[in-house]
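Input: a single structure, listed below in structure tokens.
The values are calculated or read from the model by the stated rules, or taken from the named source; none is laboratory data. Here the structure is a predicted model, which means the values were calculated and not measured. Methodologically, a virtual Cβ is constructed for each residue, glycine included, from the backbone with ideal geometry; neighbour enumeration extends over all protein chains shown. Accessible surface areas use protein heavy atoms only, side chains included; no ligands, DNA or RNA. Shrake-Rupley method; radii C 1.70, N 1.55, O 1.52, S 1.80 Å.
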Amino acid sequence: MHAVSGNLPLALLFIILGAVFDFFDGMVARLLNVSSPIGKELDSLADVVTFGVAPASIIFYELKVVEYPSAIPSALVALIPYIAYIVAAFSALRLAKFNLDTRQTTSFIGLPTPANALCWGSLIVGFGEILEQYSWFMPMLIVGVLLSSWILIAEIPMFALKFKHWGFSGNEIKYYFIFFSAVVLIASIVFGILTGNTKLCYSGFSIIIVAYVLVSIITNKKVNS
């Protein structure tokens, strides 16, 4: 609702809260011994809305307000924003694959839906007003929708912030990435406050997720070489 009506910062805030609860809900369920197959399916159903429909609606709104080249017919301009919901469809597919894929107990294959949602929300809320000034922003959004939809289901191994032990050995990438993420988030918040543009406070998530994908790809190549 907030995304479609244009209150994008609030929509992103709910995605962030959803990501926090999603990180801990499985852990809490196991601690309380209340985990069940139906709970897993209901969790994925909720994730489709939080990490699929919500970011897609943010992209939809942005594609409605962004400037289009005059050569594009108005009838097509009215239809193009609906391309955003490809993200929702592929997020649902990603979640279904995750529930069936036994290879993803300690790591991920493809970009997790919370990461994709945070990246899109952060990009548009944090940088949207700046990028809207450029004519290439609209086609970049469409290419981004297609690319991120593919990455969601791609056979790309990605590390997870799951720890078998808390020692540094064997967890180097995880600890380095946590440190990097903390620095980026703090820097984006400080920069947003200093510049008076509070929306920039949200921008750090998009940088972190792009770095996460790149580090995962590079790490996987090193392991396989």
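Points to keep in mind about this one:
- Tally of residues being open to solvent by 60 Å² or more (accessible area, probe 1.4 Å) and at pLDDT 90 or above across region 137-161: 6
- Elements of the type helices (runs of 4 or more DSSP H) sitting completely within region 24-129 and holding at least 2 residues that are at pLDDT 95 or above and under 19 Å from TRP150 (Cβ atoms): these cover 54-65, 86-100.
- All of ILE59, ILE86 fail the test of being closer than 16 Å to VAL125 by Cβ, within 16 Å of the chain's Cα centre (by Cα) and not basic (Lys, Arg), apart from ILE59.
- Region 98-131, subset more than 17 Å from the chain's Cα centre (by Cα) and among the aliphatic types (A, V, I, L, M), residue surrounded by the fewest Cβ atoms within 10 Å (Cβ to Cβ): LEU100
- Test for ILE16: is it at pLDDT below 95, open to solvent by 80 Å² or more (accessible area, probe 1.4 Å), in a helix (DSSP H, G or I) and more than 23 Å from PRO139 (Cα to Cα): no
- SER135 falls short of the stated requirement of being of a type in the set (Ser, Thr, Tyr), touching a residue at least 60 places away in the same chain (Cβ under 8 Å) and part of a helix (DSSP H, G or I).
- Filtered residue count, region 179-225, keeping only those that are charged (D, E, K, R) and buried (at least 18 other Cβ atoms within 10 Å of the Cβ): 1
- Long-range neighbours under 8 Å by Cβ, at least six apart or interchain, first residue more than 19 Å from VAL53 (Cα to Cα) within region 69-81, second aliphatic (A, V, I, L, M): PRO69/MET138; ILE72/ILE80
- Filter result for ALA89 (without any contact (Cβ under 8 Å) to a residue 24 or more places away in the chain, open to solvent by 40 Å² or more (accessible area, probe 1.4 Å) and farther than 19 Å from MET158 by Cβ): no
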